[in-house]
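Take a look at the structure below.
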Amino acid sequence: MKVSCLSLHFFICLDLFAQTAEHEEELAEISEQRIIEINREIETRRAGIENIQSNAGIYDQSLIEAYWSLAELHNQLDDYESASEILLDALQITRINLGLYSAEQIRLLRLLIDNQIKAQDWRSVDDFYELKYLISSKAFSPRDTEYLDTLRFYGEWKLRVIRENLFNQS
């Protein structure tokens, strides 16, 4: 009885292992298909951006959202460097159209910070936190919750830099 029970467990385990392997292959195929879809969408969005640039100009405000959505696609591919470059373009257009200290930059800076954390580019993270703090201090009252949140996150970041010695990591 023990032998047949042991054999049964063995066959169940083999079956589960085979099902898991098949499931992983299906996931890999789905991921490859999704990557292809995202790359097609990136090309479509780039063409749309070029269209806006040629028709409305390279500093048109509608490019901010177009760059934002393109950066999101790059984030889905874990291409944080490209996403950050695109977000920097959006940040530049925001500063040109809405002013150097406009609060609208903060959402872009949050994404830039997140991307640089994922890429472990600690100096860039620090630079973006500094800029976010500067903009918040100019755009909001010291009693405003947005300013207080920025101050809290900035302080937490600085503590993390010290605790984890981030600037001295290779």
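Read-outs throughout are calculated quantities, based only on the coordinates presented, and are distinct from any laboratory measurement. Please read all numbers here as calculations on a predicted model, not as lab measurements. All Cβ positions, glycine included, derive from the backbone under ideal geometry; neighbour counts span all protein chains shown.
Compute the FRET efficiency between ASP121 and ASN55 as 1/(1 + (r/R0)^6), taking r as their Cβ-Cβ distance and R0 = 41 Å, and round to the nearest 0.05.
0.75
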Length gained if GLU41 through SER82 is fully extended, taking 0.36 nm per residue and subtracting the Cα-Cα distance, is 13.3 nm
Of 133-146, 63-76, ordering from highest average Cβ density within 10 Å down gives 63-76, 133-146
For region 31-170 the mean separation of alpha carbon contacts under 8 Å (6+ apart) over residue count, i.e. relative contact order in percent, is 16
Restricting to Cα pairs under 8 Å and 6 or more apart, the percent relative contact order of region 56-124 works out to 32
If R0 = 30 Å, then LYS158 and LEU100, at their Cβ-Cβ distance, give a FRET efficiency to the nearest 0.05 of 0.80
